[in-house]
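Enquirer: Handing you this structure, nothing more for now.
The values are calculated or read from the model by the stated rules, or taken from the named source; none is laboratory data. On a predicted model such as this, the values are computed, not experimentally measured, just so you know. Methodologically, a virtual Cβ is constructed for each residue, glycine included, from the backbone with ideal geometry; neighbour enumeration extends over all protein chains shown.
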Amino acid sequence: MYYAAKKELQEMLYRYILLTADQVADLLHYRKKTVYSMASELKREGKVQSVILPFLRKNHIGYALTRDGAKEAARRIGDAETFRSHGWKEAPLQLEHFYGTNAFFISLIRHSLTEPGEGLLEWLGAREAAERYVQTQTSGRQSRPVKPDGMGAYLLPGRGRLVFHLEYDTGSESTWRLKEKMWNYGRLLPTLWPKVEAVHVLFVTKIASRPGPLIDIWQALCSGSLSGMRLPNIWVIHEKEWMAKGVETALWWGRDGQRIRWKDMPLLSPPVDPNLLILGKQPREPSPMQGR
């Protein structure tokens, strides 16, 4: 079981790039002491490295894969043919971006732990999410017009699935670039989602003044170049408001002056399989490290 758990940790770091011990414990439903032990062994094996997170207090560290650890995880997941080692030679860049993106998904998992039957059914990292939207042109060349920072499906029992794409905005991208992202979502998603009106794109911003201008951009697109089309929903929120108020009370900004809670967003039909595992609620045997 412990060997399998270490492989599981490796695969999660391959998918999500950077995770803290607390985040791993919530995601994989392990005790934090077990996570520390697994990470320590993987570091000794040269497969995991510690990464200082200077933007967090109290000298927090995260975990990321080394090149050898990533190569091994890619082989197990089935990415051996597409794996490129040059992207894994050093510690990951954009630490704050990876941390903030993953913190949003983890906040959903933490909320769901006290909600029976509710929770995150699927979480795709940036690499997997972009692959969902690969477009092959007539020349045979592939493009990825939509590249979310993450994508997920959240189950609300007896109601349906909240399917969303996450864009985590640290403020480093220009409003012109964010407008281009919105336009791409508006053009592409309706061609792939039959019920696109119940599909969501979420912008979480680190800068308190950004939600208003971003929704103004989306409003202008809906009235202009995207007018008359079936469109996904785009919602925006300031990160501090989301982390302070969470799933139950935080209000997202939408077009036409809408303010909406997470659980009030339109839903797709529930999954056919009622026994799908919910992340953070995986059944676990007692830790083999307990008592050591």
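Enquirer: Taking only the stretch 199-249 into account, find how many residues are under 25 Å from S269 (Cβ atoms) and either touching a strand residue (DSSP E or B) at 6+ places or on another chain (Cβ under 7 Å) or surrounded by fewer than 15 Cβ atoms within 10 Å (Cβ to Cβ) (or both).
Expert: Just the residues of the stretch 199-249 that are under 25 Å from S269 (Cβ atoms), to begin with: 199-202, 229-235, 247-248.
Then keep just the ones that are either touching a strand residue (DSSP E or B) at 6+ places or on another chain (Cβ under 7 Å) or surrounded by fewer than 15 Cβ atoms within 10 Å (Cβ to Cβ) (or both); that gives 199-202, 229-230, 232-235, 248.
Matching residues across the stretch 199-249 total 11.
Enquirer: Here's a follow-up. Here is a check on your reading of the model: is L95 closer than 26 Å to V236 by Cβ and surrounded by fewer than 20 Cβ atoms within 10 Å (Cβ to Cβ)? Break it down into steps so the answer makes sense when it comes.
Expert: Numbers: closer than 26 Å to V236 by Cβ: yes; surrounded by fewer than 20 Cβ atoms within 10 Å (Cβ to Cβ): yes.
Spelling it out, L95 is indeed closer than 26 Å to V236 by Cβ and surrounded by fewer than 20 Cβ atoms within 10 Å (Cβ to Cβ).
Enquirer: Just the residues that are over 18 Å from L162 (Cα atoms), in a helix (DSSP H, G or I) and not charged (D, E, K, R), please, taken from the stretch 218-254.
Expert: W218, Q219, A220, L221, C222, S223, M243, A244
Enquirer: Still on this structure: Specify which of the listed residues (K47, K32) is closer than 26 Å to G152 by Cα, touching a helix residue (DSSP H, G or I) at 6+ places or on another chain (Cβ under 6 Å) and of a type in the set (D, E, K, R). Even if it seems obvious, please write down each step before you answer.
Expert: Details: K47 fails: closer than 26 Å to G152 by Cα.
That would be K32, the only listed residue that is closer than 26 Å to G152 by Cα, touching a helix residue (DSSP H, G or I) at 6+ places or on another chain (Cβ under 6 Å) and of a type in the set (D, E, K, R).
Enquirer: Out of all the residues in the stretch 66-73, is one or more touching a residue at least 60 places away in the same chain (Cβ under 8 Å), over 19 Å from E128 (Cα atoms) and not hydrophobic (A, V, I, L, M, F, W, C)?
Expert: The initial filter retains those residues of the stretch 66-73 that are touching a residue at least 60 places away in the same chain (Cβ under 8 Å), namely 72-73.
Pick out the ones that are also over 19 Å from E128 (Cα atoms) and you get none.
Checked the stretch 66-73: no residue is touching a residue at least 60 places away in the same chain (Cβ under 8 Å), over 19 Å from E128 (Cα atoms) and not hydrophobic (A, V, I, L, M, F, W, C).
Each row is one residue, and each column tells you yes or no for (1) surrounded by 18 or more Cβ atoms within 10 Å (Cβ to Cβ); (2) modelled with pLDDT of 95 or more; (3) charged (D, E, K, R).
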position	(1), (2), (3)
G125	yes, yes, no
A130	no, no, no
Q137	no, no, no
Y154	yes, yes, no
G160	no, yes, no
E167	yes, yes, yes
S172	no, no, no
L178	yes, yes, no
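Enquirer: Continuing with this model, one more query. Which residue out of L162, L189, L178 is in the same structural domain as K240 (by TED's automatic domain parsing) and touching a residue at least 60 places away in the same chain (Cβ under 8 Å)? Step through it out loud before you land on a result.
Expert: Details: L189 fails: touching a residue at least 60 places away in the same chain (Cβ under 8 Å); L178 fails: touching a residue at least 60 places away in the same chain (Cβ under 8 Å).
Only one candidate passes the filter, namely L162.
Enquirer: Can I ask one more? Can you find even one residue in the stretch 128-148 that is in contact with a Ser or Thr (Cβ under 9 Å, 6 or more places away or on another chain) and in contact (Cβ under 8 Å) with a residue 60 or more places away in the chain?
Expert: Checking the stretch 128-148: not a single residue is in contact with a Ser or Thr (Cβ under 9 Å, 6 or more places away or on another chain) and in contact (Cβ under 8 Å) with a residue 60 or more places away in the chain.
Enquirer: What's the total number of residues in the stretch 180-198 that are surrounded by 12 or more Cβ atoms within 10 Å (Cβ to Cβ) and part of a loop (DSSP other than H, G, I, E, B)?
Expert: Number satisfying all stated conditions: 2.
Enquirer: In addition: Hey, any hits in the stretch 283-291 for a residue that's assigned to a helix (DSSP H, G or I), at pLDDT below 95, outside the structural domain of A21 (by TED's automatic domain parsing) and not polar (S, T, N, Q)? Let's see the steps before the verdict.
Expert: Initial filter on the stretch 283-291 (assigned to a helix (DSSP H, G or I)): none.
Scanning the stretch 283-291 turns up no residue that is assigned to a helix (DSSP H, G or I), at pLDDT below 95, outside the structural domain of A21 (by TED's automatic domain parsing) and not polar (S, T, N, Q).
Enquirer: Being more than 26 Å from D149 (Cβ to Cβ) and either surrounded by fewer than 17 Cβ atoms within 10 Å (Cβ to Cβ) or β-branched (V, I, T) (or both) is the filter here, so list the residues in the stretch 7-43 that pass it.
Expert: R31, K33, T34, Y36, S40, E41, K43, listed by residue number.
Enquirer: Kindly indicate whether L279 is at negative phi, more than 18 Å from the chain's Cα centre (by Cα) and surrounded by 13 or more Cβ atoms within 10 Å (Cβ to Cβ).
Expert: On the way: at negative phi: yes; more than 18 Å from the chain's Cα centre (by Cα): no; surrounded by 13 or more Cβ atoms within 10 Å (Cβ to Cβ): yes.
In short, no.
Enquirer: Something else now. Show the residue pairs that are 6+ apart or on different chains and have beta-carbon atoms under 8 Å apart, the first residue being within the stretch 218-238 and closer than 16 Å to P190 by Cβ and touching a residue at least 12 places away in the same chain (Cβ under 8 Å), the second being among the acidic types (D, E) and in a loop (DSSP other than H, G, I, E, B).
Expert: So the pair list comes out empty.
Enquirer: Within the stretch 259-275, can you find the residues that are surrounded by 13 or more Cβ atoms within 10 Å (Cβ to Cβ) and either without any contact (Cβ under 8 Å) to a residue 40 or more places away in the chain or part of a loop (DSSP other than H, G, I, E, B) (or both)?
Expert: Quick first cut of the stretch 259-275, residues surrounded by 13 or more Cβ atoms within 10 Å (Cβ to Cβ) only: 260-263, 265-268, 270-271.
I260, R261, M265, P266, L267, P270, P271, listed by residue number.
Enquirer: Specify the residue that is modelled with the lowest pLDDT; the eligible residues are those in the stretch 1-42 that are over 15 Å from I106 (Cα atoms) and assigned to a loop (DSSP other than H, G, I, E, B).
Expert: Only one residue tops the list, namely M1.
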